[in-house]
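Working notes, structure below.
The values are calculated or read from the model by the stated rules, or taken from the named source; none is laboratory data. All of these numbers come straight from a predicted model, not from anything done at the bench. Here the Cβ is made from the backbone with ideal geometry for all residues, glycine too, and neighbour counts use every protein chain on show. Side chains included, ligands, DNA and RNA excluded: accessible areas come from the protein's heavy atoms. Shrake-Rupley method; radii C 1.70, N 1.55, O 1.52, S 1.80 Å.
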Amino acid sequence: MTNLHVIQADITKLKVDAIVNAANRTLLGGGGVDGAIHRAAGSELLAECRTLKGCDTGEAKITKGYNLPAKYVIHTVGPVYNPNFAQKDAELLSNCYRNSLDLAKKYNLHSIAFSCISTGVNGYPKEEAAKIAVKTTRSWLKQQKFNIEVYFCVFDSENKAIYNKLTS
């Protein structure tokens, strides 16, 4: 049995222990997935995020889920893709997944849903980002031996096809 699942859905509607927000460094909301999560969670999320004093690229911080079906939101800041720094960007993106999973383990969470980190306004090529996501997650699961169901929550059929190919 695999712990990796691909679903095409609205991440704000998922009933999992934690959803992972592709946040910006301020953690104060923005466009895309970040804005949708903040809108769905309500103003308490913004208030809690203000106490966290931002987040560095590749790092992750956790808040309550408030009005979301998910108990928690793990906020991670993906890199803005620059082909001149592809190796560094890949390391930072990998850290997003690893640090989010580390927080899930620390809080004893058993289900987590990732959005497609850095592939929106940050411009990360979708297939490269998906390869990093799947490889990092598989490696983490193997090393940690922690029982957690991981969902790659995609919003479109293009990403669904990419993730299905990588996880099958």
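A few points about this structure:
- For first residues located in the stretch 151-163 and surrounded by 24 or more Cβ atoms within 10 Å (Cβ to Cβ), partners that are among the hydroxyl-bearing types (S, T, Y) and lie 6+ apart or on another chain with Cβ distances below 7 Å form the pairs F152/Y163; C153/S115; V154/Y163.
- Of all residues making up the stretch 106-133, the number that are in a helix (DSSP H, G or I) and farther than 18 Å from D89 by Cα: 1
- Odd one out for S118 among (1) among the polar types (S, T, N, Q); (2) modelled with pLDDT of 95 or more; (3) open to solvent by 50 Å² or more (accessible area, probe 1.4 Å): (3)
- Check on T76, among the polar types (S, T, N, Q), within 18 Å of L28 (Cβ to Cβ) and without any contact (Cβ under 8 Å) to a residue 24 or more places away in the chain: no
- Residues that are hydrophobic (A, V, I, L, M, F, W, C) and at pLDDT 95 or above, drawn from the stretch 31-52: A36, I37, A40, A41, L45, L46, A47, C49, L52
- Of all residues making up the stretch 121-132, the number that are open to solvent by less than 10 Å² (accessible area, probe 1.4 Å) and in contact with a helix residue (DSSP H, G or I) (Cβ under 6 Å, 6 or more places away or on another chain): 1
- A36 vs. criteria within 15 Å of the chain's Cα centre (by Cα) and either open to solvent by 40 Å² or more (accessible area, probe 1.4 Å) or more than 16 Å from F152 (Cβ to Cβ) (or both): yes
- Residue in the stretch 113-130 that is in contact (Cβ under 8 Å) with a residue 40 or more places away in the chain, under 11 Å from L4 (Cβ atoms) and not acidic (D, E) present: yes
- Residue pairs whose Cβ atoms lie under 9 Å apart, sitting 6 or more positions apart in sequence or on different chains, and linking a residue in the stretch 47-73 that is among the basic types (K, R) to a partner that is part of a loop (DSSP other than H, G, I, E, B) and open to solvent by 60 Å² or more (accessible area, probe 1.4 Å), are R50/L28; K64/K71; K71/Y107.
- Considered as a group, the residues in the stretch 141-150 that are out of contact with any helix residue (DSSP H, G or I) (no Cβ under 7 Å at 6 or more places or on another chain) and either open to solvent by less than 40 Å² (accessible area, probe 1.4 Å) or touching a residue at least 40 places away in the same chain (Cβ under 8 Å) (or both) include one that is farthest from Y124 (Cα to Cα), and that residue is N147.
- Test: residue in the stretch 75-83 that is assigned to a helix (DSSP H, G or I) and either surrounded by fewer than 19 Cβ atoms within 10 Å (Cβ to Cβ) or on the phi < 0 side of the Ramachandran plot (or both): yes
- Hits in the stretch 9-33 (condition: touching a Lys or Arg at 6+ places or on another chain (Cβ under 9 Å), crowded, with 19+ Cβ neighbours inside 10 Å and not in a helix (DSSP H, G or I)): V16, D17, A18, A23, L27
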